[in-house]
Ligand code: GDP
């Protein structure tokens with residue numbers, strides 16, 4: 001059985017925690033897109049961790065964790081992350097890297113930073129991890145797959161020279177920097193080869209067999225629907241698809257094998273980087289929600305920068321859930337809302353004086369204003385509650401209001417950052 005856990009919003013919905021919980025009953029956890037530009041936060045017996053590239057199954061010895069072919073692999077960060085787990089007492093995880101995964105090159109990271117600096121106030125708010133230049137090169141067919149590291153030296157040097165002809169035009173003439181040399185890039189790739197070799201595998205064949213044997217496989221998405229390059233708030237999106245369906249491509253699994261798609265939806269909204277955000281709030285109202293949000297405030301897991309805050313946007317979330325093809329919803333950070341007398345929820349948009357219920361593309365989204373409804377708060381701490389029927393009536397009312405408008409059953413209510421802060425509802 002293949003399951004996917006994906007974000008329905010702008011990312012940071014709490015996918016890490018839900019994956020960590022669901023991983024316990026899984027054999028394999030796979031990252032199928034993205035790179036070290038985003039982070040999942042996991043809190044467990046070993047402490048609090050921000051995982052950037054590693055799949056969230058690394059805390060369980062019985063799980064095989066796979067970096068799929070769709071991932072932007074930073075070899076340096078990958079090794080650093082594994083080391084940091086070991087330093088904090090986590091037993092060495094079982095990790096495989098697809099021999100078709102592509103490598104984030106040092107010049108991708110530099111180009112990302114130089115381009116953000118050049119764009120200045122018009123920048124995309126990139127985490128400067130090299131993700132956009134990486135995926136551009138992948139589709140321009142000038143990237144390096146892991147298996148290229150094992151090619152003969154002459155062929156590899158030839159390919160590097162071809163790539164540098166293009167890169168050095170940018171280095172010298174757009175960014176006014178020293179050109180890159182074939183020798184330096186070749187040496188770097190050989191360093192990467194030595195570091196990554198213990199993890200490299202033919203993950204396609206491994207997964208093909210695992211599916212045949214009926215293993216439980218979790219596809220773990222990064223970011224959320226609204227950051228998808230096709231269905232998100234283009235161009236303020238990420239560079240690889242954030243959709244469950246892409247899990248089939250980014251890991252090499254038959255699409256029809258994905259039977260359960262859990263879309264993680266946040267009980268309020270947060271976003272990082274620039275882009276349309278209709279239900280955004282500002283000032284002291286936003287500051288308070290940011291301060292109380294998540295586990296220790298809403299600040300980027302990778303960059304530490306404050307996240308933009310908003311109330312729940314049911315137009316965006318319904319669209320987010322639909323685009324993912326969600327079979328189930330996990331509604332997270334419900335506990336955070338316990339301080340409010342009343343909870344505003346965006347139930348529709350007003351576009352050019354008309355009320356709309358569907359999520360429009362960017363050019364129209366820019367002109368949308370939120371239509372609010374207010375639900376009564378529950379004014380207490382709901383952490384520690386284990387059964388849905390034990391939640392205060394107004395908390396249940398909130399869940400059921402959201403569920404009705406999303407059109408997909410809310411299966412999980414997350415009422416705290418820890419593994420055990422979780423309530424399951426009967427909705428199989
Ligand atoms: P991800 O990228 O989707 O995994 O999201 P993050 O790692 O940014 O998670 C958001 C933050 O919320 C993290 O600090 C989590 O520890 C925290 N978190 C997850 N679920 C809950 C929850 O139900 N309640 C609270 N208070 N925090 C949560």
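State the extension gain, in nm to one decimal, for the chain segment bounded by residue 393 and residue 86, taking 0.36 nm per residue of separation less the distance between their alpha-carbons. Let's see the in-between values first.
Values: separation 307, 0.36 × 307 = 110.52 nm, distance 4.41 nm.
So the chain would gain 106.1 nm between residue 393 and residue 86.
Counting only DSSP H runs of at least 4 residues, each contributing -39500 (n - 2.57), and dividing by the residue count of the chain, the helix-based mean residue ellipticity at 222 nm comes to -9500 deg cm²/dmol. Within the range 99-114, what residues put their amide N at less than 17 Å from the label point 7 Å along the Cα-to-Cβ vector of residue 305? Backbone N within reach: 109-114. Each label point was placed 7 Å from the Cα along the Cα-to-Cβ direction; for residue 202 and residue 216 their separation is 2.9 nm.
For the range 94-116, the residues whose backbone nitrogen is under 19 Å from a point 7 Å from the Cα of residue 61, taken along Cα to Cβ, are 94-96.
Treating each Cα of the chain as one equal point scatterer and applying the Debye formula with no solvent, the log10 of I(q)/I(0) at q = 0.07, 0.13 Å⁻¹ comes out as -0.34, -1.13. Here the gap between residue 150 and residue 50, fully extended at 0.36 nm per residue and compared with their Cα-Cα distance, gives a gain of 32.8 nm.
No solvent, one uniform scatterer per C-alpha: report log10 I(q)/I(0) for the range 287-428 via the Debye equation at q = 0.10, 0.13, 0.14, 0.21 1/Å, two decimals. Reported log10 I(q)/I(0), two decimals: -0.37, -0.63, -0.74, -1.44. Modelled this way, with points 7 Å down the Cα-to-C-beta line, the labels at residue 118 and residue 183 are 2.8 nm from one another.
For the pair residue 427 and residue 367, a Förster radius of 51 Å applied to the C-beta separation gives a FRET efficiency near 0.90, rounded to the nearest 0.05.
Rounded to the nearest 10 degrees, the inclination of helix 153-169 to the longest alpha-carbon principal axis of the chain is 60 degrees.
The C-alpha atoms of the chain define a longest principal axis, and helix 203-212 lies at about 50 degrees to it.
In percent, how large is the relative contact order of the chain, given Cα pairs closer than 8 Å and 6 or more residues apart?
20
Placing a label point 7 Å from the Cα of residue 383 along the Cα-to-Cβ line, the residues of the range 403-425 whose backbone N sits under 16 Å from it are 414-423.
The coefficient of translational diffusion for the range 102-198, derived via Stokes-Einstein from the alpha carbon Kirkwood radius under 4 °C and 1.567 mPa s, stands at 92 µm²/s. Extent of the range 245-340 along its three principal axes (Cα atoms, max minus min coordinate, largest first): 48, 27, 25 Å. For the range 50-128, the alpha carbon positions stretch 46, 29, 17 Å along the principal axes, listed from largest to smallest. Per residue, what volume in Å³ does the convex hull of the Cα atoms of the range 143-268 enclose? Hull volume over Cα atoms, normalised by residue count, gives 181 Å³.
In the range 18-58, inverting the average of 1/r over every pair of distinct C-alpha atoms gives 10.8 Å as the Kirkwood radius.
Ranked from highest to lowest mean number of other Cβ atoms within 10 Å per residue, what is the order of the peptides 288-298, 13-23? It would help to have the intermediate numbers written out before the result.
Details: 288-298: 17.4, 13-23: 25.3.
For the peptides 288-298, 13-23, the packing ranking is 13-23, 288-298.
Just so you know, all these numbers are worked out from the coordinates, no wet-lab data involved. Note that this is a predicted model, so its numbers are computed, not measured. Positions of Cβ are backbone-derived with ideal geometry, glycine not excepted, and every protein chain shown enters the neighbour counts.
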